[in-house]
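The values are calculated or read from the model by the stated rules, or taken from the named source; none is laboratory data. Treat the numbers as computed from the prediction; the structure is a model and nothing was measured. Cβ sites come from the backbone with ideal geometry, for glycine too, and all protein chains shown count toward neighbours.
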Amino acid sequence: MSHDVFVTHTVESAPAAARATVEAVERKFGFIPAPVGRMATSPHLLKGFLTASAGFEQTSLAPVEREIVILTVATRNGCHVCVAMHTATLVKLGAPAEVIEGLRARKPLPDARSEALRSFTLAVMDHHGAVGDEEMRAFLDAGYTPQNALEVVLGVGVYTISTFANRLIDAPLDPAFQAYAWDGDGE
């Protein structure tokens with residue numbers, strides 16, 4: 001699938017309403033990631049995603065836990081760009097290789113707490129938020145809180161926007177993330 005109607009914008013070519021946002025992303029990363037350049041076609045989508053993502057980054061979930069949620073959504077939704085980008089983040093955070101490999105392969109994680117988070121994220125997605133009592137109890141028994149449950153919903157929402165948009169715009173993988181390319185079959 002390739003939708004050639006979506007161009008990868010630069011600061012100069014982005015719609016006026018997206019320019020400040022694209023400039024801010026460029027300052028943060030040192031370049032404009034292709035997904036951002038393409039999402040700039042809709043300034044509201046880009047700003048909405050980045051604002052919601054910033055909110056998710058402020059939740060009480062630890063950085064690696066947030067990335068577990070993100071990679072679970074990304075692999076479920078088949079977003080190769082998100083998987084590569086967030087694999088890079090997990091590596092930078094020092095996450096165990098077994099956790100990264102399990103997430104990319106869509107397999108159970110080696111430690112009970114991380115697996116409870118991955119399973120709960122899948123349950124939120126599978127049941128459109130109507131998670132059953134047993135699944136909720138397993139999540140809480142792993143040491144998570146009702147607040148964390150709602151934060152997972154936020155992460156699922158934010159990264160559903162990202163994964164769906166990236167698939168629609170057929171976002172290419174930037175060279176900075178090539179080392180973490182994912183073919184959708186688990187690696």
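Yes or no: V64 modelled with pLDDT of 95 or more, among the aliphatic types (A, V, I, L, M) and in a helix (DSSP H, G or I)?
Here the answer is yes, as V64 does meet what is asked.
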Among (1) closer than 25 Å to A149 by Cα; (2) in a loop (DSSP other than H, G, I, E, B), the one test that T41 misses: (1)
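Give the residue that is farthest from the chain's Cα centre (by Cα), with candidates limited to residues of the range 29-88 that are of a type in the set (K, R) and over 13 Å from A14 (Cβ atoms).
R76
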Meets criteria (within 18 Å of the chain's Cα centre (by Cα) and at pLDDT 95 or above) for A95: yes
Lone unmet requirement of (1) over 26 Å from S119 (Cβ atoms); (2) out of contact with any Leu (no Cβ under 9 Å at 6 or more places or on another chain); (3) not in a helix (DSSP H, G or I) for F6: (2)
Those helices (runs of 4 or more DSSP H) lying entirely in the range 76-187 with at least 3 residues buried (at least 21 other Cβ atoms within 10 Å of the Cβ) and in contact (Cβ under 8 Å) with a residue 60 or more places away in the chain: 80-93, 146-168
Yes/no for V22 being of a type in the set (A, V, I, L, M), surrounded by 13 or more Cβ atoms within 10 Å (Cβ to Cβ), over 17 Å from R167 (Cα atoms) and free of Cβ contacts under 8 Å to residues at least 24 places away in the same chain: no
Subset tally (residues that are among the β-branched types (V, I, T), more than 14 Å from R113 (Cα to Cα) and touching a residue at least 60 places away in the same chain (Cβ under 8 Å)) for the range 59-74: 3
